[in-house]
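This report refers to the structure that appears directly beneath it.
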Amino acid sequence: MATDKLYNVCGISKLGGEYKVRFANDVLRIKVLAKHGHQDIRLAELDTAMSKLDAVKAIAKMSEFEDVTAQAAIADYLDRKDDKPAKAVSAKVKAPAKTPVKTPAKAPAKAKAASTSDLEDAPF
């Protein structure tokens, strides 16, 4: 991960019709989000300070975030940020079999040039 920051509060909010996961160190972040036009703001205090990835995994199990919209926002975040599932899936999936490379068909042989020695004696 790019940073080692830890967060005490994690949740979701809706801005412009799209739900996203939000992080903070204080529940008063709700006021700032509301001021900037966020709707359906749901933040939960965590037991301990956690990294973003651990915080999202923790709220995924909470009853406040059981609804479809919250789980979709959480799953979207985990799809983008969590490396472990991507590695596990790629290990189980076999690479497709290589298809044989077809050699291009050879062009037909060019017609042999006609001998013009017989035509030299012809009148014009």
**Q.** Filtered residue count, the range 15-34, keeping only those that are without any contact (Cβ under 8 Å) to a residue 40 or more places away in the chain and either in a strand (DSSP E or B) or out of contact with any strand residue (DSSP E or B) (no Cβ under 8 Å at 6 or more places or on another chain) (or both)
**A.** 10
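Can you find, within the range 1-14, the residue that is farthest from VAL68 (Cα to Cα) among those that are touching a residue at least 12 places away in the same chain (Cβ under 8 Å) and among the polar types (S, T, N, Q)? Write out each step before concluding.
Pass one, the range 1-14, residues touching a residue at least 12 places away in the same chain (Cβ under 8 Å): 1, 4-14.
Narrowing further to those that are among the polar types (S, T, N, Q): 8, 13.
Working: ASN8: 24, SER13: 13 Å.
Per the stated criteria, the residue is ASN8.
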Q. Given the conditions (1) at pLDDT 65 or above; (2) out of contact with any helix residue (DSSP H, G or I) (no Cβ under 9 Å at 6 or more places or on another chain); (3) among the hydroxyl-bearing types (Ser, Thr, Tyr), which single one is not true for TYR77?
A. (2)
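Can you pull out the residues in the range 18-30 that are hydrophobic (A, V, I, L, M, F, W, C), more than 19 Å from ALA70 (Cβ to Cβ) and surrounded by 12 or more Cβ atoms within 10 Å (Cβ to Cβ)?
From the range 18-30, those hydrophobic (A, V, I, L, M, F, W, C) are 21, 23-24, 27-28, 30; that's our starting set.
Now drop any that are not more than 19 Å from ALA70 (Cβ to Cβ), which leaves 28.
None - no residue of the range 18-30 is hydrophobic (A, V, I, L, M, F, W, C), more than 19 Å from ALA70 (Cβ to Cβ) and surrounded by 12 or more Cβ atoms within 10 Å (Cβ to Cβ), so the list stays empty.
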(Q) Taking the condition of being within 14 Å of SER13 (Cβ to Cβ), buried (at least 16 other Cβ atoms within 10 Å of the Cβ) and of a type in the set (Gly, Ala, Ser), how many residues in the range 31-80 meet it? (A) 3
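The values are calculated or read from the model by the stated rules, or taken from the named source; none is laboratory data. This structure is a prediction, so every number in the text was calculated from the model and none was measured. Counting neighbours? That spans all protein chains shown, and the Cβs are built from the backbone with ideal geometry, glycine included.
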